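Undergrad: Input: one structure, supplied below.
The values are calculated or read from the model by the stated rules, or taken from the named source; none is laboratory data. It should be emphasised that the depicted structure is a prediction, and the values quoted were computed from it without experimental measurement. Don't worry about glycine lacking a Cβ; one is built from the backbone with ideal geometry, like all the others, and counts go over all protein chains shown. Just so you know, the surface numbers come from the protein's heavy atoms only, side chains and all, with ligands and any DNA or RNA stripped out. Shrake-Rupley method; radii C 1.70, N 1.55, O 1.52, S 1.80 Å.
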Amino acid sequence: MSQASSPAPRPTVALFVTCLVDLFRPSVGFATAQLLEQAGYSVDVPEAQTCCGQPAYNSGDRAHAKQIAKQVIATFREYAHVVVPSGSCAGTITAHYPDLLRDEPDWAQAARDLADRTWELTRFLVEVAQVDLPTVDHKTTTTYHDSCSGLRELGIRSQPRQLLGRVNGLQLREMADTDVCCGFGGTFCVKYPDISERLVSNKVDNIAATGADMVVAGDLGCLFNIAGRLHRLEKPVRAYHVAEILAGTARSEPAIGEGDRS
Amino acid sequence: MESRAHLFKPAAREALHNPDLQQALTRVQAGFVGKRRTLVNKFPDFEGLRDRGQAMKDHTLAHLDYYLEQFEAKVHEAGGHVHWAETAEDAQRIVADICRQADARMVTKGKTMAGEEVGINEALDAAGLETVETDLGEYIIQLAKEPPSHIIAPAIHKTRQQICDLFDEHHHQGTFKEKLREVPDLVNEARGILRGKFLNADVGITGANCLVAETGSMFLVTNEGNGDLTHSLPRVHVAIAGIEKLVPTLDDASTLIRLLARSATGQEMTAYTTMVTGPRRGDDTDGPEEFHIVLLDHGRTNMMSGRFREMLRCIRCGACMNHCPVYASIGGHAYGWVYPGPMGSVLTPIFVGLDKTKDLPNACTLNGRCQSVCPVRIPLPDLLRDLREAQFDQHLTPGTTRHGLAVWAWFARRPRVYNALSRLGIGLLGRLGRRRGRFRRLPLAGAWTAGRDFPAPQRTTFQAAWRQHLSRRQTHE
């Protein structure tokens with residue numbers, strides 16, 4: 001099933017890059033596009049995408065959430081696959097859009113249709129693309145944080161680990177309570193900052209206890225929260241999105257929250 | 001019980017800085033979570049059992065009127081009395097009247113969350129009765145004059161030292177001062193004191209873990225046996241139960257009991273599982289002369305229509321709070337009413353009022369761990385989100401949030417404007433943070449930067465960088 005043995009042209013994949021990656025870490029978007037191209041797909045990035053609407057949806061602002069959901073559905077209507085480097089945003093589209101639009105049957109149908117075509121990145125690579133990606137070397141000890149939405153709404157747990165297992169030199173050390181929330185929770189982290197701080201402190205303690213020098217996850221929200229706390233506590237653990245590790249771009253890109261001279 | 005849920009934020013802050021509470025709370029995650037996981041993995045098809053539990057409760061709720069009447073008839077047949085309490089006041093009055101008619105002076109009580117809900121202790125106090133809690137945890141917090149902080153482990157917020165101090169003060173007039181005693185020693189001491197109370201009580205009040213329609217029976221599960229001494233020794237037994245506790249058959253009760261102990265304490269069965277059907281019969285050697293069951297509505301029928309009916313499946317196991325990272329950080333008291341944690345954050349706004357419980361639906365990261373362990377698959381995060389929606393619709397959401405969302409949504413729906421503006425803003429922020437890679441402080445982000453650095457964005461937005469990348473690629477081709 002290697003790339004060389006499957007020359008059949010593959011459909012164009014739409015990359016839904018997510019607002020956080022768009023604004024704060026384009027390197028994750030590029031790594032994702034690179035992985036998809038290496039898997040034989042051509043990648044489109046529709047310009048009309050902004051956000052999946054989760055902030056409105058989770059704040060109870062159903063009207064705005066619906067408007068944005070419809071925009072996303074319309075934007076990605078033509079693509080065979082929509083790939084998202086985030087379990088949280090992919091979860092919003094697949095697990096929540098159909099319910100959000102349940103009162104408008106045509107839109108609900110369109111939402112179910114989009115849900116069927118939408119994939120979180122690591123799951124897409126393992127379950128749909130099914131190709132051996134080019135070998136990547138990255139000598140590091142890493143621990144993996146399971147983001148809640150990806151884990152519980154989409155069942156993503158083995159896929160990123162399977163892919164990381166093929167990175168030469170990368171040793172995975174599981175942390176305690178890897179399935180427990182890091183305390184990000186979207187707007188939760190600024191509405192209840194002290195509770196959020198406790199949760200992320202627990203997470204950072206568990207990360208540090210593994211002795212790993214890197215923490216990897218599939219969601220930029222969790223990673224920003226974790227990296228921000230790691231830096232505040234001056235813990236020497238670098239944070240990367242899983243796409244950056246798999247694409248091999250993490251070796252040349254400063255980790256999350258690290259600058260040219262940090 | 002008076003709600004203090006409107007004080008959630010200050011209470012949570014205080015809890016986070018209370019070292020005794022924090023020490024006590026480590027036990028929740030350490031004990032319950034691991035034990036439950038072990039037993040669930042050991043059970044051949046726990047997911048199937050959860051499906052059966054959910055289907056059984058949904059069926060019962062859909063035909064609740066039928067099963068309630070069947071239950072009432074069967075209790076009568078067995079010689080018991082059924083009382084219908086629509087409100088908390090009704091329940092208080094009914095129980096006080098039963099005690100008065102029994103000429104009672106002392107009442108022993110097993111743990112009952114429905115009793116907490118309607119303030120049964122206050123009613124008994126007002127009626128001039130001596131009331132003794134017989135569940136060890138409840139006994140401890142009765143001494144401390146505190147409400148329960150967990151629905152199955154009411155004194156989980158107390159450290160062993162605090163319990164020693166309480167026993168010292170109430171049992172020994174301070175002679176043991178500051179001595180840390182062993183758990184069996186404390187248990188034996190409480191047992192010794194409670195034994196006298198069991199024997200002298202006129203009325204025993206308990207909750208019920210489920211009510212069986214086909215037999216008119218109730219189930220009581222405990223690990224201390226206190227429930228059995230409470231219901232069987234006094235002359236009169238009064239049980240208080242929400243109307244959602246009903247199950248159709250004994251088979252269904254067995255499904256529920258198997259789910260309950262595993263989900264709650266990580267036990268295959270609790271130490272004592274008792275089925276009570278009516279009062280003592282002619283040839284019985286023990287048991288009460290009178291059996292009363294108070295069926296409590298207290299807002300439950302209002303939940304029957306609409307989405308919150310799913311919450312009526314709840315079997316009060318506490319698994320959701322045991323697996324909730326927010327509960328593990330702040331404990332149960334911060335939630336401000338009878339039911340804490342995820343199930344409480346759904347129930348309290350419904351029972352107490354959305355306007356008096358504004359924080360509860362929001363103080364959750366929607367991480368879904370509660371739903372993943374709920375034995376009857378209640379979609380707790382979805383229900384919390386529905387409450388947020390109700391808050392938004394009733395203009396209970398803060399103005400800053402509403403306006404912030406409106407402004408953000410305006411941009412999010414205009415990709416060209418959004419992309420142009422975000423490129424400008426991110427370009428600036430990226431330049432400011434490029435060398436260090438993060439900000440220790442940032443205007444308008446004080447809540448974030450209080451405990452975390454804010455990672456600086458990279459040079460520009462992905463959208464802008466991708467367009468550049470495409471045009472470079474085209475030039476090369």
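Undergrad: Name the residues whose placed amide hydrogens come within less than 5 Å of the amide hydrogen of A:Val215, ignoring near sequence neighbours (fewer than 5 apart) on the same chain.
TA: Counting only residues 5 or more places away or on other chains, the set is A:Thr143, A:Arg238, A:Ala239, A:Tyr240.
Undergrad: Is the shape of the protein assembly as shown best called rounded, prolate or oblate, per the rule: a/c under 1.5 gives rounded, else a/b larger than b/c gives prolate, else oblate, with a ≥ b ≥ c the square roots of the Cα gyration tensor eigenvalues? Write down the numbers at each step before the final one.
TA: Numbers: a/c = 2.28, a/b = 1.95, b/c = 1.17.
It is prolate, given that a/c is not under 1.5 and a/b is the larger ratio.
Undergrad: On to the next question. In terms of modelled amide H atoms, which long-range or inter-chain residues lie less than 5 Å from the amide H of B:Ile205?
TA: Here the answer is B:Thr108, B:Lys109, B:Gly110, B:Val238, since their amide H atoms fall under 5 Å of that of B:Ile205.
Undergrad: With just the Cα atoms defining each centre, how far is segment B:115-153 from segment B:258-292? Give it in Å.
TA: Going from one Cα centre to the other spans 21 Å.
Undergrad: Through the Karplus equation 6.51 cos²θ - 1.76 cosθ + 1.60, θ set to phi - 60°, convert the phi angles of segment B:352-362 into ³J(HN,Hα) values in whole Hz; use x for Gly and Pro.
TA: 9, x, 4, 6, 9, 9, 4, 6, 4, x, 8
Undergrad: Rounded, prolate or oblate: which one fits segment A:152-237, using the alpha carbon gyration tensor with axes a ≥ b ≥ c (rounded when a/c is under 1.5, else prolate when a/b beats b/c, else oblate)?
TA: oblate
Undergrad: Would you list which aspartates and glutamates come within 14 Å of A:Lys235, measuring only between C-alpha atoms, while excluding same-chain residues fewer than 8 positions from it?
TA: Straight-distance partners of A:Lys235: A:Asp205, A:Asp213, A:Glu258, B:Asp453.
Undergrad: Taking square-rooted eigenvalues a ≥ b ≥ c of the alpha carbon gyration tensor, is segment A:112-262 rounded, prolate or oblate, where a/c under 1.5 means rounded and, failing that, a/b exceeding b/c means prolate?
TA: Oblate is the answer for segment A:112-262, as a/c is 1.5 or above yet b/c matches or exceeds a/b.
Undergrad: What does the highest-first list of A:47-56, B:280-289, A:14-23 look like by mean Cβ count within 10 Å?
TA: Per-residue mean Cβ counts within 10 Å order the peptides as A:14-23, A:47-56, B:280-289.
Undergrad: For the ranges B:123-132, A:161-170, what's the packing order if you count other beta-carbon atoms within 10 Å of each residue, average per peptide, and put the highest first?
TA: B:123-132, A:161-170
Undergrad: Follow-up. Taking a probe of 1.4 angstrom, what is the accessible area of A:Val82 in Å², to the nearest 10?
TA: For A:Val82, the solvent-accessible surface is approximately 0 Å².
Undergrad: Here is a further query. By how many degrees, 0 to 90 and rounded to 10, does the Cα axis of helix B:462-476 deviate from the longest principal axis of chain B?
TA: Roughly 40 degrees between the two axes.
Undergrad: What does the average come to when, for each residue of peptide B:407-415, you count the partner chain Cβ atoms lying within 10 Å of its Cβ?
TA: The mean count of partner-chain Cβ atoms within 10 Å per residue comes to 6.
Undergrad: Just to confirm the number: angle between the C-alpha axis of helix B:64-77 and the first principal axis of chain B, 0 to 90 degrees, nearest 10?
TA: Tilt of helix B:64-77: around 20 degrees.
Undergrad: If you don't mind, another one. When only DSSP loop residues count, what trypsin sites (Lys or Arg not before Pro) in segment B:87-137 have their Cβ near at most 16 other Cβ atoms within 10 Å?
TA: B:Arg105
Undergrad: Who wins for biggest fluctuation among A:Ala217, A:Ala247, A:Ala80 in a Gaussian network model of chain A, springs between alpha carbons below 10 Å?
TA: The residue with the greatest mean-square fluctuation here is A:Ala80.
Undergrad: Here's a follow-up. Please calculate the 1.4 Å probe accessible area of A:Val43, with all protein chains present, and give it to the nearest 10 Å².
TA: Spelled out: A:Val43, probe radius 1.4 Å, area about 20 Å².
Undergrad: So what's the back-of-envelope 222 nm ellipticity for the protein assembly as shown, counting only DSSP H runs of four-plus at -39500 (n - 2.57) apiece and dividing by all residues, rounded to 500?
TA: Taking each H run of at least 4 residues, the total per residue is -14000 deg cm²/dmol.
Undergrad: Ranked highest first by the average count of other Cβ atoms within 10 Å around their residues, in what order do B:8-19, B:434-445, B:37-48 fall?
TA: Ranking, from highest mean packing down: B:8-19, B:434-445, B:37-48.
Undergrad: Within a 10 angstrom radius of each residue's Cβ in B:427-438, how many Cβ atoms of other chains show up on average? Whole number is fine.
TA: Per residue, the average neighbour count from other chains is 4.
Undergrad: Taking each residue in A:195-203, count the Cβ atoms of any other chain within 10 Å of its Cβ, then average. What number comes out?
TA: 6
Undergrad: Karplus couplings for segment B:231-243 from phi (6.51 cos²θ - 1.76 cosθ + 1.60, θ = phi - 60°), rounded to Hz, Gly and Pro as x?
TA: 8, 9, 8, x, 5, 10, 10, 10, 10, 10, 8, x, 5
Undergrad: Next question. Rounded to the nearest 10 degrees, what's the angle between the helix B:380-393 long axis and the longest principal axis of chain B, both from Cα atoms, 0 to 90?
TA: Around 70 degrees separate the two axes.
Undergrad: Using the structure shown, list the pairs from B:Lys177/B:Lys197; A:Lys191/B:Lys358; A:Lys70/B:Lys358; B:Lys158/B:Lys179 with a Cα-Cα distance above 22 Å, or answer none.
TA: Result: B:Lys177/B:Lys197; A:Lys70/B:Lys358 exceed 22 Å.
Undergrad: Let me ask something additional. How large is ³J(HN,Hα) for each residue in segment B:5-16, as worked out from phi by the Karplus curve 6.51 cos²θ - 1.76 cosθ + 1.60 (θ = phi - 60°), to whole Hz, x for Gly and Pro?
TA: Per-residue couplings from phi come out as 5, 5, 9, 3, 4, x, 5, 5, 4, 4, 4, 5 Hz.
Undergrad: Mind listing the long-range amide H neighbours of B:Ser217? Cut-off is under 5 Å, sequence gap 5 or more, other chains count too, H placed in the peptide plane at 1.01 Å from N.
TA: B:Val212
Undergrad: Can I ask one more? In terms of Cα to Cα distance under 14 Å, which aspartates and glutamates are near enough to B:Lys74, apart from those fewer than 8 places away along the same chain?
TA: B:Glu214
Undergrad: Cut-off 15 Å, label point 7 angstrom out along Cα-to-Cβ of B:His59: give me the residues of segment B:234-255 whose amide nitrogen falls inside.
TA: Under cut-off, by backbone N: B:246-255.
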